[in-house]
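In what follows, a structure is listed as structure tokens, so that the remarks can point back to it.
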Amino acid sequence: MSERTGARGLVRSLTEQFTELPVDSFPQPADGPLGWPGYDAARARAAERTGESESVLCGVATVGGVRTVLIAFEFGWLGGSLGERTGHRLAAAHRTARAERLPVVSLIATGGSRMQEGMRALGQLQRVAAESARTRAAGLAQLAVLRDPATGGGWATLGAGSDVTLALPGAQVAFAGSRVRPADADPLAYLAESRHRAGQLDRIVSQEELPEVLGRWLSLLGPAVRDRACPEPAPVPPPAALGGQTLPADGWQALTGARAPHRPRAEAYLDAHFTDRVEISGDRSGGIDPGMRCGFGRHEGRTVAYAAQCGTANTPAGFRTAARLLRLADRLRLPVLTLVDTPGAANDAEAERLGAGAAIADCFAAVAEASVPLTTLVVGEGGSGGALALAAPGNTWVTPDSYFSVIAPESAAAILKLSPEEVPRLADRLRLRPQDLVELGVARGVVSAASRR
């Protein structure tokens, strides 16, 4: 398989079974709605060359044991361009997905809208976006695999509009096609790798990995098991404590214990709690925060969404990524686990320029708006609003080697104009120990190593 593999060859390489959807007749006048000279002849040549009657192939497939609606673009058919018949088929594919409650996977290789059909072709982007929105509202996952090229309206609707976006290495992924970019444009800026670094793609996947990766995503996000077994999800239990089991004697001991470099971090908790995991990456707005891990895992046979802070000061991109995860989990009716561990939100000039306040506010809103159950475990530092933005109201738990505070004692001393020697005393006065948090009603309880996993 390669980036330019034909649609049917690509489908065969990814699926265990594929049944093409019926193709309804879609009559058009000679040479299309614009009467474009030679258009009918071009379509006939494309059909003869590829064996397809249109630029997209749609059907119901089994991928990794999961039934899904599969959309595969045939780039050899007029550059995989979108025309009226293309839009007709894409709409039918989404209607099938909603009727049978199946996720949608789009294998995209397109140069954009078909110029020979003019505005009738461009208008299909609105049609496709509307169908995608209806599928999203139905609580069905949409995944996109970006091949080479994935440009124009195909990228701006089916690609960027999907819940999860994967891309093959070196694929062109951009709104502007290669022939309409500025003459001095850096070609590397239009590649999938650049989109990934900018937080707009979740993962670059090699051709060999694609069947396995798609199967994992679909097994976690496909609705079939979830709909039958748990129409209204139950909260996920908090993970067991992995670090120290002794409660701190005072506030300063709690603070230093949570800041200890050897303390277990998010990675250890995620590995212990989940048997399988896949991760999203980026905020879709230009940023990635490696200190915020977000994704989906399998716990005791069901899928759980997670957002985990990794002990660093989170950037605006991190909070936007967490909000993206929370809203996706809510649409898919999946319970959420958040792990709190941050000294606080990043507060440097760059963070402010990138909209720290707005990003944190959006994360607070995503938590407040969630209609699925959220569970939070504070596994280390709980630094002010940057930590609280991920905390589940009424269902937050703490480990023995954690703390949660309205402000860091050092910052409190600076505000109160006290000497550094006063910091340990302030740590006590802030009542930030795990047992204090339970007594204050901030936390439901302190988890132990024997806690249910």
Could you please let me know if Thr50 is among the β-branched types (Val, Ile, Thr) and closer than 20 Å to Thr110 by Cα?
yes
Spans of helices (runs of 4 or more DSSP H) in segment 39-154 with at least 3 residues more than 22 Å from Gly177 (Cα to Cα) and touching a strand residue (DSSP E or B) at 6+ places or on another chain (Cβ under 9 Å):
84-100, 124-137
Which numbered condition trips up Gly301, out of (1) buried (at least 24 other Cβ atoms within 10 Å of the Cβ); (2) under 19 Å from Phe274 (Cβ atoms)?
(1)
May I ask you to say which residue of Leu201, Leu140, Leu188 is closer than 20 Å to Ala61 by Cβ and touching a helix residue (DSSP H, G or I) at 6+ places or on another chain (Cβ under 7 Å)?
Leu140
Taking the stated definitions as given, is Ala156 at pLDDT below 95 and surrounded by fewer than 24 Cβ atoms within 10 Å (Cβ to Cβ)?
yes
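Per-residue answers, yes or no, for (1) touching a residue at least 60 places away in the same chain (Cβ under 8 Å); (2) within 30 Å of Pro424 (Cβ to Cβ); (3) outside the structural domain of Leu214 (by TED's automatic domain parsing):
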{"site": "Ala254", "(1), (2), (3)": "yes, yes, yes"}
{"site": "Ala268", "(1), (2), (3)": "no, yes, yes"}
{"site": "His273", "(1), (2), (3)": "yes, no, yes"}
{"site": "Arg302", "(1), (2), (3)": "yes, no, yes"}
{"site": "Thr312", "(1), (2), (3)": "no, yes, yes"}
{"site": "Pro316", "(1), (2), (3)": "no, no, yes"}
{"site": "Leu337", "(1), (2), (3)": "yes, no, yes"}
{"site": "Glu350", "(1), (2), (3)": "no, no, yes"}
Looking only at segment 341-363, filter to residues that are part of a strand (DSSP E or B) and not polar (S, T, N, Q); which one of those is modelled with the highest pLDDT?
Asp341
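Residue-by-condition table, conditions (1) among the aliphatic types (A, V, I, L, M); (2) in contact with a helix residue (DSSP H, G or I) (Cβ under 7 Å, 6 or more places away or on another chain); (3) surrounded by 20 or more Cβ atoms within 10 Å (Cβ to Cβ):
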{"site": "Ala234", "(1), (2), (3)": "yes, no, no"}
{"site": "Pro237", "(1), (2), (3)": "no, no, no"}
{"site": "Thr246", "(1), (2), (3)": "no, no, no"}
{"site": "Gly251", "(1), (2), (3)": "no, yes, yes"}
{"site": "Thr256", "(1), (2), (3)": "no, no, no"}
{"site": "Thr275", "(1), (2), (3)": "no, no, no"}
{"site": "Ile288", "(1), (2), (3)": "yes, yes, no"}
{"site": "Cys294", "(1), (2), (3)": "no, yes, yes"}
Reported set for segment 177-191 where residues are in contact (Cβ under 8 Å) with a residue 12 or more places away in the chain and either farther than 27 Å from Leu214 by Cα or within 20 Å of the chain's Cα centre (by Cα) (or both) is Ser178, Leu191
Of all residues making up segment 402-422, the number that are in a loop (DSSP other than H, G, I, E, B) and within 15 Å of Pro343 (Cβ to Cβ)
6
Complete set of residues in segment 159-185 that are hydroxyl-bearing (Ser, Thr, Tyr) and surrounded by fewer than 24 Cβ atoms within 10 Å (Cβ to Cβ):
Ser162, Ser178
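Would you say Ala317 is of a type in the set (A, V, I, L, M), within 14 Å of the chain's Cα centre (by Cα), modelled with pLDDT of 95 or more and not in a helix (DSSP H, G or I)? Let's see the steps before the verdict.
On the way: of a type in the set (A, V, I, L, M): yes; within 14 Å of the chain's Cα centre (by Cα): yes; modelled with pLDDT of 95 or more: yes; not in a helix (DSSP H, G or I): no.
Here the answer is no, as Ala317 does not meet what is asked.
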Search segment 144-160 for residues that are under 11 Å from Ser132 (Cβ atoms) and pair each with any residue that is of a type in the set (Asp, Glu) when their beta-carbon atoms are under 9 Å apart and the residues are at least 6 apart or on different chains.
Ala144/Asp163
Name the residue, out of Arg425, Arg431, that is surrounded by 12 or more Cβ atoms within 10 Å (Cβ to Cβ), among the basic types (Lys, Arg) and either at pLDDT 95 or above or touching a Leu at 6+ places or on another chain (Cβ under 6 Å) (or both).
Arg431
For segment 136-153, which residues satisfy the criterion of being surrounded by fewer than 24 Cβ atoms within 10 Å (Cβ to Cβ), on the phi < 0 side of the Ramachandran plot and of a type outside the set (S, T, N, Q)?
Arg136, Ala137, Ala138, Leu143, Asp148, Gly153
Which ones in segment 276-314 are touching a Gly at 6+ places or on another chain (Cβ under 7 Å) and not in a loop (DSSP other than H, G, I, E, B)?
Arg277, Val278, Glu279, Ile280, Met292, Val304, Tyr306, Gln309, Asn314
How about segment 378-394: which of its residues are buried (at least 16 other Cβ atoms within 10 Å of the Cβ) and either among the acidic types (Asp, Glu) or touching a Leu at 6+ places or on another chain (Cβ under 9 Å) (or both)?
Val378, Val379, Gly380, Glu381, Gly382, Leu390, Ala391, Ala392
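The values are calculated or read from the model by the stated rules, or taken from the named source; none is laboratory data. Since we're looking at a predicted model, the values are computed, not measured. Note: ideal-geometry Cβ built from the backbone for every residue, glycine included; neighbour counts use all protein chains shown.
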